[in-house]
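Read through the structure below, which is laid out as structure tokens, and then see the notes.
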Amino acid sequence: MRQSKRLQHVIVLSTIARLVGIFDLASKCFGNRRPLTITANHPSTAKMFRLGFIPSKHPPALRRPFYTLFRPHDEPLYTTNDCRLFATEPHRTTIQSVAIVGGGLAGLSTACALLCKTHPSGQTPQITIFDKEGPGCGGASSVAGGLLHPFSVRGKLVHLGREGLDASNALIQRAQKHEPNCVIRDQLYRIALDESHETKLRQTSESFPGYATWLTAADIEERCGTPSSRGGLILTDGCKVVHVPTYLKGLWKDCQELSGGTARWCVGDDDSIPQSATDWKKRLAEFDAVVLSAGSGLIEDSIVSTNITSFPAMLVRGQSIEMSLDGEAAIAYPNEAILCGKYMTPLPDGKVLIGATHEFKTEAMDAPEVAEELRSRSLDLSPHVWEHGTVDRITSAYRVQSQRGKYGRMPIIGRAEAGHVHGNAWLFTGLSSRGLIHHGVYGDILSDAILEDDECVITQSYPDIIWWK
């Protein structure tokens, strides 16, 4: 009899303990002070799955107190942003093969990140890249200015600026193993041409002395050849000038090395490149996951239907000029990377790249209009180049530019609502003028979500990144 009572006491106490644990766990999940972040290695993860508290598409919304679950019957128990109660652990697809449509900065950074990691099953996915051109030979990435730094036009640190600089430099080091000359300069200069510029850039040097050092007008003239500035910044400590086409070639070679030679690149004249959205659906069906990173090509080349353009972005045409200096004019010009609105940056062959226009009209500017636009906006940076240089060619490309948000213009990544292309498609586009600073860190973040087959992996650590949804 005593043993039976003791057993009853044990059962009661055990039940109370379990209930306390459930309420404690639920209060952590729904508490309005600090939301619970659930990761693959979090000690509460297994318990959360077992109890049915599975995070929804937007985990940061798990903020309401647990007692609000007890509402009148005519009120919804939870919204789409809350936990799905009594769910089971979702099925994880083994990602054995990934197709990446677009081999620019976005596509290659994602490919490299995927190859540097392993799926939870222990496998590294097979990578296939589809592009109209070879590595570094086409698209907006191949004509980018190549200025790597973490600051906005106003001298503020951009969102994920530090992380982006570190991630991009890690990729550049990988590319340099195969293409040592992809880095042209290990510094660049921000020039102050008026009082407003000077005030903002001085504040930048005070706030971020590790990256930015203030230089006098005399220093700027000596180093950059700008005759009438009010001073400026030299940006170092990871800030650099990259020849993007060479860098992309090096990054692709590293992907081949990481994959043991199994990574494939399918170019435009290959019969395997589809010509319509229907063809793309058939071609991509064999892959476990698809990354849509072709930028403007996603629409222009009928890779997807225009329905996918529901996200907040627009196509912007950018044209740049390559100029050359000969003889004494070339010797007299320092050919450093300088920027103030527009930029003038060195190319590997000693030429100067000046860019870029910002065109929204359907009809592109013609060559004289491009020259006049860029001359008027960059003449004060270096009159020497415009007085003694010769225009060699004009480059042109479209880029996807996202709308301004809480953190300015941010890339667009996440699961694509484009089942007509592939059932497990992911987007990575909208790098725009911040391609170099953002491609590495965003590619790394996206690769984790792809391997886990779960968009929540992104929002758990970076809740503001899926801003476009």
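Structure values in brief
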| read-out | value |
| --- | --- |
| Sites ASP194 and THR236 - FRET efficiency at Förster radius 25 Å, r taken between beta-carbons, to 0.05 | 0.55 |
| Cβ-Cβ FRET estimate between GLN96 and ALA170, R0 fixed at 25 Å, reported to 0.05 | 0.45 |
| Listed residue pairs exceeding 23 Å between alpha carbons, taken from LYS200/LYS406; LYS200/LYS342; LYS200/LYS240; LYS117/LYS253 | none |
| For the range 96-230: rounded, prolate or oblate by the Cα gyration tensor [a/c cutoff 1.5] | prolate |
| Under 5 Å, built H, 5+ apart or other chain: amide partners of GLY405 | MET410 |
| The range 407-456: C-alpha pair distances exceeding 13 Å, % | 58 |
| Estimated translational D of the range 430-469 in µm²/s (Stokes, Kirkwood radius over Cα pairs; 4 °C; 1.567 mPa s) | 121 |
| Pairwise label distance in nanometres, ASP219 with GLN123, each label 7 Å out on the Cα-Cβ vector | 5.6 |
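Each value in this text was obtained by applying a stated rule to the coordinates, not by laboratory testing. This structure is a prediction, so every number in the text was calculated from the model and none was measured. Cβ sites come from the backbone with ideal geometry, for glycine too, and all protein chains shown count toward neighbours.
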